[in-house]
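First comes the structure, then the notes that go with it.
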Amino acid sequence: MKTVQVLNVTPNELVDLINEGIKSQLQDFSIQLKTTPKGDERPHLTRKETAQYFGVSLNCINDWCNKNILKPYKVGQRTYFKRSDLLQVMFNH
């Protein structure tokens, strides 16, 4: 197990270090989102694809719709979710 000790760091320096780490992770995530496979550039996802996207069950997706966390779009008998809405939910909740 790796041990980390922080010595002689002011609270402001610690905040800066944490912010740098978060910024780096968000940049990596942004790059990952921009490099999605070419066949997956649709602006919408199905319920099943949305569940896989978030790594949750279909029941969870239904629950999030009932709680107005996700906004479903109905086309006939099918339900879709806008990819842009999913990204907004991910970063705002």
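Each value in this text was obtained by applying a stated rule to the coordinates, not by laboratory testing. For clarity, every value in this text was computed on a predicted model and none was experimentally measured. Cβ atoms come from the backbone with ideal geometry, glycine included; neighbour counts cover every protein chain shown.
With the alpha-carbon atoms of the range 11-92 aligned to their principal axes, the span from lowest to highest coordinate is 55, 32, 18 Å, starting with the largest. What's the angle, to the nearest 10 degrees (0 to 90), between helix 11-34's Cα axis and the longest principal axis of the chain? Value to nearest ten degrees: 30.
Entry note, the chain: relative contact order of 22 percent, from Cα contacts under 8 Å with a spacing of 6+ residues. What is the sum of charges, Lys and Arg at +1 and Asp and Glu at -1, for the other residues whose Cβ falls under 15 Å from the Cβ of F54? Net local charge, F54 excluded: +3. Can you give me the angle between helix 83-92 and the longest principal axis of the chain, using Cα atoms only, in degrees from 0 to 90, rounded to the nearest 10? For 83-92 against the chain, the angle is about 40 degrees. Between K48 and N62, residue separation times 0.36 nm minus the direct Cα-Cα distance comes to 4.0 nm. For the options Q77, Q32, Q52, a Gaussian network treatment of the chain with springs between C-alpha atoms closer than 10 Å singles out Q77 as fluctuating the most. Think of each Lys and Arg Cβ as +1 and each Asp and Glu Cβ as -1; about the Cα centre, that makes the dipole of the range 11-92 roughly 700 debye. Work out the charge dipole of the range 11-92 with +1 on the Cβ of Lys and Arg and -1 on the Cβ of Asp and Glu about the Cα centre, then indicate which of I18, H44, Q88 is farthest towards its positive end. The listed residue farthest towards the positive side: H44.
Name the residue, out of D28, D63, D16, whose mean-square fluctuation peaks in a Gaussian network model built on the chain with Cα pairs under 10 Å. For the chain, modelled as a Gaussian network with Cα springs under 10 Å, the answer is D16.
Mean-square fluctuations from a GNM of the chain, with a 10 angstrom spring cutoff on Cα atoms, peak among N12, N68, N59 at N12.
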